[in-house]
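Novice: Quick one: the structure is below, questions incoming.
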Amino acid sequence: MSDFLQGFLGTSMASGNGAEARNDITVAIRNWFANRNPLVTRLPYVPVERVDFTMFSHKFRARSTTLATSAISSGATTSITVADNTFLMNHDVLSWVDGTTGAVEYFQVSADPNGDGSTLTVSRAVSGTTAATNVPVGATVTLVGNARTGAEIDQTALTTNGVPRTQYCQTFQFPVDIGGSALTTRAFVLPGGIQSPLDFNMTMQLQNMVDDIENALYYGIKDAPTGTVTAKMNGLREILATNNISVRATNKTPVNAGAYTPQDLIRDTIQACKSGGGDPDLMLVSTSFISGLSTWGQAVQRIPAGETVYGTPIEVIKAPFLGDVTLIEAPLLNAASPSTAAAICLTSSEVYIRNKRNPYWQLRGARGDRVQGDWIAELSIEVVNESHHAYVEGISSFAA
């Protein structure tokens with residue numbers, strides 16, 4: 001803990017001056033806890049004025065669906081039922097593969113989808129292809145692209161309404177309370193820079209609060225504030241629904257969890273993000289993942305990303321097989337289950353801290369022979385377009 005328990009607070013925050021104004025310590029947190037708490041210290045802070053706010057996901061239109069209900073056994077069939085037609089438009093060109101011959105047929109939507117989410121009227125065998133006569137239920141129907149004459153008017157547009165999700169700001173409060181006798185004791189050996197037992201207790205409780213915030217950003221489960229129920233945020237494990245492999249969130253375990261390879265990681269994270277329309281550039285990995293990188297024999301390079309104003313080196317990791325995606329070790333990620341590994345892949349430009357109250361120190365003052373105060377923060381995490389990100393946990397062992 002000595003790497004994190006340092007005396008950047010100073011005695012002025014514990015003095016009477018602290019009662020005059022709120023001591024916003026966001027900058028100090030960013031500069032001191034960068035390696036232990038990567039989300040709290042690296043994400044941009046965007047103010048919010050309410051306990052509750054709405055996050056939106058706007059998905060790019062899907063590139064495929066499946067044939068549903070009835071198999072295609074005739075080249076004359078022009079009305080088909082698919083699992084989802086909500087992303088399709090009139091004049092879209094589609095394709096499928098004949099299950100018997102392997103031949104590809106191109107066909108075209110010839111009327112607006114009727115809004116029931118499933119039925120399509122199509123023209124068969126376009127672009128010189130042959131109408132398939134053996135397409136089973138469940139076959140993939142692939143969207144090639146829209147093709148119009150250019151003379152159409154009043155065409156039906158696709159909806160651009162995002163899918164909303166409510167998020168809540170969570171209040172964190174960490175009291176500090178020390179007696180006058182302990183406050184004036186000078187026999188303690190304290191970490192470098194810490195001048196008094198009060199400073200030491202303030203530093204300990206601040207680290208505890210930042211750890212709690214970081215952990216809630218990963219694992220929180222939201223709760224609306226009602227009566228005696230306090231507001232709680234949804235963490236990334238709950239928010240990231242599309243690309244989520246977690247027994248505790250989606251009842252899924254990673255493929256090859258006991259012999260996880262680089263190909264498995266790319267499939268579960270980067271490929272999943274890009275399939276959803278994202279452009280991932282940041283991956284948080286649990287400490288146990290470092291042994292996995294070694295097992296894989298990757299030429300992993302730790303890159304100094306400068307240092308904070310307090311002289312703390314900021315470390316990131318680059319692995320050639322991940323391209324431009326930056327790896328950051330997150331010590332608290334999967335800390336409750338250190339025997340397994342976890343990773344969170346993010347399109348970082350779409351993830352924010354929504355701060356209703358920045359982390360700050362509030363001095364209560366002296367009560368009898370005691371000095372009391374509180375660390376307080378009220379904030380949450382916002383994720384735009386959750387399908388652009390990925391979450392995987394439960395990796396028990398790595399294989400080369």
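Novice: Every residue in region 114-146 that is free of Cβ contacts under 8 Å to residues at least 40 places away in the same chain and not polar (S, T, N, Q), please.
Specialist: 115, 116, 117, 126, 128, listed by residue number.
Novice: Within region 256-276, can you find the residues that are out of contact with any helix residue (DSSP H, G or I) (no Cβ under 6 Å at 6 or more places or on another chain), of a type outside the set (S, T, N, Q) and not in a helix (DSSP H, G or I)?
Specialist: Within region 256-276, 257, 258, 259, 260 meet the criteria.
Novice: State whether the residues of region 289-297 include one that is surrounded by 15 or more Cβ atoms within 10 Å (Cβ to Cβ), in contact with a strand residue (DSSP E or B) (Cβ under 6 Å, 6 or more places away or on another chain) and modelled with pLDDT of 95 or more.
Specialist: Taking every residue of region 289-297 in turn, none turns out to be surrounded by 15 or more Cβ atoms within 10 Å (Cβ to Cβ), in contact with a strand residue (DSSP E or B) (Cβ under 6 Å, 6 or more places away or on another chain) and modelled with pLDDT of 95 or more.
Novice: Go through (1) surrounded by fewer than 16 Cβ atoms within 10 Å (Cβ to Cβ); (2) in contact with a Ser or Thr (Cβ under 9 Å, 6 or more places away or on another chain); (3) β-branched (Val, Ile, Thr); (4) at pLDDT below 95 for residue 242 and report which single condition fails.
Specialist: (1)
Novice: Considering only region 46-61, state which residues are hydrophobic (A, V, I, L, M, F, W, C) and exposed (fewer than 15 other Cβ atoms within 10 Å of the Cβ).
Specialist: Selection gives 46, 56, 60.
Novice: Another one. Does residue 231 satisfy the condition of being over 22 Å from residue 388 (Cβ atoms), surrounded by 16 or more Cβ atoms within 10 Å (Cβ to Cβ), in contact (Cβ under 8 Å) with a residue 60 or more places away in the chain and hydrophobic (A, V, I, L, M, F, W, C)?
Specialist: Yes; evaluated as a whole, the condition is true for this residue.
Novice: Same structure again: Given the condition of a type outside the set (S, T, N, Q), more than 22 Å from residue 120 (Cα to Cα), touching a Lys or Arg at 6+ places or on another chain (Cβ under 8 Å) and modelled with pLDDT of 90 or more, answer yes or no: does some residue in region 154-166 qualify?
Specialist: no
Novice: Take the conditions assigned by TED's automatic domain parsing to the domain that holds residue 34 and out of contact with any His (no Cβ under 8 Å at 6 or more places or on another chain) and apply them to residue 227. Does it pass? Show your work before the answer.
Specialist: Values: assigned by TED's automatic domain parsing to the domain that holds residue 34: yes; out of contact with any His (no Cβ under 8 Å at 6 or more places or on another chain): yes.
Against the criterion (assigned by TED's automatic domain parsing to the domain that holds residue 34 and out of contact with any His (no Cβ under 8 Å at 6 or more places or on another chain)), residue 227 qualifies.
Novice: Would you check which residues across region 67-77 are surrounded by 15 or more Cβ atoms within 10 Å (Cβ to Cβ) and among the β-branched types (Val, Ile, Thr) and list them?
Specialist: The answer is 72, 77.
Novice: A further question on this structure: Is it the case that region 62-69 has a residue that's in contact with a Pro (Cβ under 6 Å, 6 or more places away or on another chain) and of a type in the set (Ser, Thr, Tyr)? Walk me through how you get there before you give the answer.
Specialist: Residues of region 62-69 that are in contact with a Pro (Cβ under 6 Å, 6 or more places away or on another chain), as a first pass: none.
The answer is no; no qualifying residue exists.
Novice: Return the residues of region 29-41 that are surrounded by fewer than 20 Cβ atoms within 10 Å (Cβ to Cβ) and either more than 20 Å from the chain's Cα centre (by Cα) or not assigned by TED's automatic domain parsing to the domain that holds residue 286 (or both); say none if nothing qualifies.
Specialist: 31
Novice: Filter region 327-339 for residues that are crowded, with 18+ Cβ neighbours inside 10 Å, at negative phi and of a type outside the set (D, E, K, R) and give the result.
Specialist: Passing the criteria: 327, 328, 330, 332, 333.
Novice: Another question, if that's okay. Of all residues in region 95-116 being under 12 Å from residue 72 (Cβ atoms) and not acidic (Asp, Glu), which is surrounded by the most Cβ atoms within 10 Å (Cβ to Cβ)?
Specialist: In this case the residue turns out to be 107.
The values are calculated or read from the model by the stated rules, or taken from the named source; none is laboratory data. The model shown is predicted, which means the values in this text are computed figures rather than measured ones. When we count neighbours, we look across all protein chains shown, and the Cβ atoms used for this are built from the backbone with ideal geometry, even at glycine.
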